[in-house]
Amino acid sequence: NFRNIVINGNMAVSQRATSEASITSDGYYTVDRWKTLLTTLGTWTQSQDTDVPTGSGFATSLKMDCTTADASPAAGDRMFIYQRFEGQNLQYLKKGTSSAVPLTLSFWVKSVLTGTYICELGDNDNSRKISKSYTISDASTWEYKTITFPGDTTGTLDDDNANSLDVIWWLGAGTTYTSGSLNTSWNGSVADA
């Protein structure tokens with residue numbers, strides 16, 4: 001039914017503000033539909049920015065700028081941006097059935113830090129999660145990434161207007177979230193995201 005379940009993925013709509021400084025806690029700050037979760041992992045400025053990949057067709061992006069770094073993150077510290085989806089809009093995924101379909105996430109990313117980053121799907125109706133890693137190879141360069149998550153044959157999504165699924169981009173985390181093995185297949189949640 002829907003080619004793209006992400007709403008405002010082009011970061012074009014920003015009704016609250018176009019910039020917010022001194023962010024140290026959770027909230028919706030700038031571009032619509034995108035929430036920040038922040039647990040004592042530095043101070044940030046979030047903005048709707050005009051720096052975009054050349055020829056991408058986008059006019060705006062979401063920029064996260066760490067203005068005060070946490071030099072020694074505690075185990076439970078974390079920071080990510082995410083979007084929530086209502087179950088009534090996701091029934092075509094057939095989650096929890098033998099016909100469950102995969103989800104492919106494609107996005108542009110640019111960071112001053114190279115390395116491995118994590119994107120996660122969270123099924124809130126059944127407390128299930130799956131994570132995939134992607135690599136930023138070149139600092140301060142736009143890179144296009146595609147990640148495919150397999151369909152989940154366990155746990156149907158509620159057919160209502162409540163939050164059923166989250167898509168999460170992790171930007172930083174303490175050892176509570178980085179130790180152990182990456183959950184690359186659908187499993188029960190082992191830590192609250």
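Tabulated data for the structure shown
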{"read-out": "Centre separation in Å (Cα based) which lies between the range 156-174 and the range 61-117", "value": "9 Å"}
{"read-out": "Packing-based ranking, highest mean first, of 162-169, 128-135, 103-110 given that Cβ atoms within 10 Å are counted", "value": "162-169, 128-135, 103-110"}
{"read-out": "Kirkwood hydrodynamic radius of the range 1-78, from inverse mean 1/r over distinct Cα pairs, in Å", "value": "13.8 Å"}
{"read-out": "Local net charge near Arg128, Cβ-Cβ under 10 Å (Lys/Arg +1, Asp/Glu -1)", "value": "-1"}
{"read-out": "Rg/Rg_globular for the chain, with Rg_globular taken as 2.2 N^0.38 Å and Rg from C-alpha atoms", "value": "1.02"}
{"read-out": "Per-residue HN-Hα couplings for the range 172-180 [Karplus 6.51, -1.76, 1.60; θ = phi - 60°; Hz; x = Gly/Pro]", "value": "x, 6, x, 5, 4, 9, 10, 7, x"}
{"read-out": "MRE, 222 nm, helices only [DSSP H, n ≥ 4, -39500 (n - 2.57), over the chain, to nearest 500]", "value": "-500 deg cm²/dmol"}
{"read-out": "For Ser19, distant residues with modelled amide H under 5 Å away", "value": "Gln48"}
{"read-out": "Whole-Hz ³J(HN,Hα) from phi, Karplus 6.51 cos²θ - 1.76 cosθ + 1.60, for the range 16-28, glycine and proline x", "value": "6, 5, 9, 7, 9, 9, 6, 7, 10, 8, 5, x, 8"}
{"read-out": "Accessible surface, the range 31-94, averaged per residue in Å² (probe 1.4 Å)", "value": "46 Å²"}
{"read-out": "Percent carbon-and-sulfur accessible area, the range 82-193, ignoring ligands, DNA and RNA, probe 1.4 Å", "value": "46 percent"}
{"read-out": "Whole-number D in µm² s⁻¹ for the range 99-193, Kirkwood Cα-pair radius fed into Stokes-Einstein, 20 °C, 1.002 mPa s", "value": "147 µm²/s"}
{"read-out": "Leu103 long-range amide H proximity, modeled H, under 5 Å", "value": "Phe149, Gly151"}
{"read-out": "Heavy-atom accessible surface of the range 24-76: percent carbon and sulfur, 1.4 Å", "value": "50 percent"}
{"read-out": "Other-chain or far-sequence residues with amide H under 5 Å of Leu171's (modelled H)", "value": "Met79, Phe80, Ile81"}
{"read-out": "Extension gain (nm, one decimal) between Ser19 and Glu143, 0.36 nm per residue minus Cα-Cα", "value": "42.3 nm"}
{"read-out": "In Hz, Karplus ³J(HN,Hα) per residue of the range 86-95 (6.51, -1.76, 1.60; θ = phi - 60°; x = Gly, Pro)", "value": "7, x, 5, 8, 10, 4, 5, 6, 6, 4"}
{"read-out": "Protection proxy ranking, peptides 54-65, 24-35, average beta carbon neighbours within 10 Å, highest first", "value": "24-35, 54-65"}
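The values are calculated or read from the model by the stated rules, or taken from the named source; none is laboratory data. Here the structure is a predicted model, which means the values were calculated and not measured. Every residue, glycine among them, receives a Cβ derived from its backbone with ideal geometry; neighbour counts consider all protein chains shown. Side chains are part of the model used for accessible areas, which takes the heavy atoms of the whole protein and leaves out ligands, DNA and RNA. Shrake-Rupley method; radii C 1.70, N 1.55, O 1.52, S 1.80 Å.
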